[in-house]
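These notes concern the structure reproduced below.
The values are calculated or read from the model by the stated rules, or taken from the named source; none is laboratory data. Worth saying up front: this structure is predicted, and the values here are computed from it rather than measured. Counting neighbours? That spans all protein chains shown, and the Cβs are built from the backbone with ideal geometry, glycine included. The protein model used for the area step is the full one, side chains on, heavy atoms only, and it has no ligands, DNA or RNA in it. Shrake-Rupley method; radii C 1.70, N 1.55, O 1.52, S 1.80 Å.
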Amino acid sequence: IAQYSLLKEHEVEKMFTLKPGRLPPADVKNIIFFVRPKLELMDIITDNVLREDRGRSPQRDFHILFVPRRSLLCEQWLKEQGVLGSFIHREQYSLDLIPFDGDLLSMESESAFKECYLESDQTSLYHAAKGLMTLQALYGTIPQIFGKGDCARHVANMMIRMKREFPGSQNSIFPVFDTLLLLDRNVDLLTPLATQLTYEGLIDEIYGIQNTYVKLPPEKFAPKKQGEGGKDLPTEPKKLQLNSAEELYAEIRDKNFNAVGSVLSKKAKIISAAFEERHHAKTVGEIKQFVSQLPHMQAARSSLANHTSIAELIKDITTSEDFFDNLTVEQEFMSGIDTDKVNNYIEDCIAQKHPLIKILRLVCLQSVCNSGLKQKVLDHYKREILQTYGYEHILTLNNLEKAGLLKPQTGGRNNYPTIRKTLRLWMDDVNEQNPNDISYVYSGYAPLSVRLAQLLARPGWRSIEEVLKMLPGPHFEERQQLPTGLQKKRQHGENRVTLVFFLGGVTYAEIAALRFLSQMEDGGTEYIIATTKLINGTTWIKSLMEKLEPAPF
């Protein structure tokens, strides 16, 4: 978040990643550990402290900062290891919501979903509520709160309680947000499992975007020099930052990947035409003007080169047979075809021992699109998976069942077709180039979570009462009293601003769909997105997998 140069200004000598062993040598007095309160990290810190050479002079002082708050358990652990006394300061730094973009905030707490749904640990919900209180302190009380799901109910209750307990939090700031929508991830388990088809979504699916940075294979980015051949290709992965500060990326990030190529070629023509201008610059004034535009043009050119390379890398994958087969099966499930029997493609993939996460995503997708699988089908899949990938995965399958992702069908009814039809989750005629509906982000499937946000804005949730009852968890509405004089009188044509908070993670495709709704001419609502973590199907399933250490003998 902070650039290294900023830390340097504040007299930070060096920055290191936490790892076991001796601390690197540095001529400093203070060493500050900046960590999440997790026990496995405490072991590393203990190791660092114990290996510190006490005989050296001057002695280095240790301090520890827990993010987002101190943990008694961790301190007790450090005490048992005999190193707690080595820390002069033990503080907490409450970092709740981190701005990732102009309309996007994330808590980056990767274990939030698992903690809430598997371990009944609601710490992350407390941090979400605190983060929302901070937002309200800065941007005014949010008059309306809507929510769906157990975690949403919990967060809303905590916010109301915090407001009651700190009467000073009643501020006289004119509210920026009109509505807060709290959505549980488990209300819509389907969306993250499907392969995202927006440009940014695909970058994340294939290469993984970590805190707005992506690491890419370097071959495509080597500067091409004439006549050198490929003798010194770079080996370090190319690291790029992706956010809306980059003009071109802002324009293409939320488009369906099939619409990206034409934008890139248009841009290439514009840029080369701009560079051609220099031949027409005759007078000093014209030359001066051309030179003043040069930095911007060069930045645009290198940005275009980067995105052309990324698009080529992605295209290699999206045009492969395997990608197509996988997508076909996903789309069949989402449109309700053959969700109730064992799928041949999945069986083949297991037999060929494709990556386990790919298999789990497909099987969970089938289960969600069928409101659970028939016991016979479920047992067949489980048996195949365990026999092929190893019995240690029985714990992972158990976790997926607990989270509601891979479960037997109860009550013998499949509600998904009703939900699909009522909420128009499957659109047959999808326009990927100039979309008219949010379903373009998955080329046919409209994310359920975003559909709920769209219907809440217009005509309101009363119209879908029946479907809401089929989805897990309560739905509710709370109103927060505003001090007199702060009620909004809406000007004609002024947009409402809605903050959508995804508890348990959100995908880039859902963000793209919400941005699409914000930009709609007659939409009337602008969306800001907040979440516990930016996820995709792979990172999400990974967070639910049990890591079993193989036996040491």
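Summing charges over neighbours of ALA453, with a neighbour being any other residue whose Cβ is under 11 Å away from its Cβ, gives +1 when K and R count +1 and D and E count -1. By a 1.4 Å probe calculation restricted to protein chains, VAL35 has an accessible surface near 10 Å², given to the nearest 10.
How big is the charge dipole of the chain about its Cα centre, in debye rounded to the nearest 20, if each Lys and Arg gets +1 on its Cβ and each Asp and Glu gets -1 on its Cβ? Intermediate values should be presented prior to the final figure.
On the way: 67 positive and 70 negative charges, 183 e Å.
Its charge dipole is roughly 880 debye.
Pop out the carbon and sulfur fraction of the accessible area of the range 368-483 as a percent, whole number, probe 1.4 Å. Please report the intermediate quantities before stating the final value.
On the way: 2750 of 5680 Å².
Taking all protein chains in place, the range 368-483 shows 48 percent carbon and sulfur surface.
In the range 4-92, the portion of solvent-accessible area held by carbon and sulfur atoms comes to 54 percent [1.4 Å probe, whole percent, DNA, RNA and ligands not counted]. On a per residue basis, the chain carries 52 Å² of accessible surface, using protein heavy atoms and a 1.4 Å probe.
Only Cα pairs under 8 Å and at least 6 apart count here; give the relative contact order of the chain as a rounded whole percent. Don't jump to the answer; show the numbers that get you there.
Working: 776 pairs, mean separation 110.4, N = 553.
Reported relative contact order: 20 percent.
TRP426 contributes an accessible area of around 60 Å² to the protein surface, as traced by a 1.4 Å probe with all chains present. Quick one: Cα centre-to-centre distance for the range 349-421 and the range 433-455, in angstrom? Distance between centres, Cα-based: 25 Å. Taking the charge dipole of the chain about its Cα centre, with +1 at Lys and Arg Cβ atoms and -1 at Asp and Glu Cβ atoms, the residue from THR339, GLN387, ALA222 reaching farthest to the positive side is ALA222.
Rg/Rh for the chain: what does it come to with C-alpha atoms and Rh from Kirkwood? Please list the in-between numbers first.
Values: Rg = 26.1 Å, Rh = 26.4 Å.
That ratio equals 0.99.
Charged neighbours of PRO237, selected by a Cβ distance under 12 Å, balance to +2 (K, R count +1; D, E count -1).
Counting only DSSP beta bridges with both residues in the chain, the antiparallel share comes to about 30 percent. Compute the separation of the alpha-carbon centres of the range 234-297 and the range 511-538 and state it in Å as a whole number. Spelled out, the Cα-based centre of one part sits 26 Å from the other.
Computed with every protein chain present, the accessible area of GLU247 is close to 130 Å² [probe 1.4 Å].
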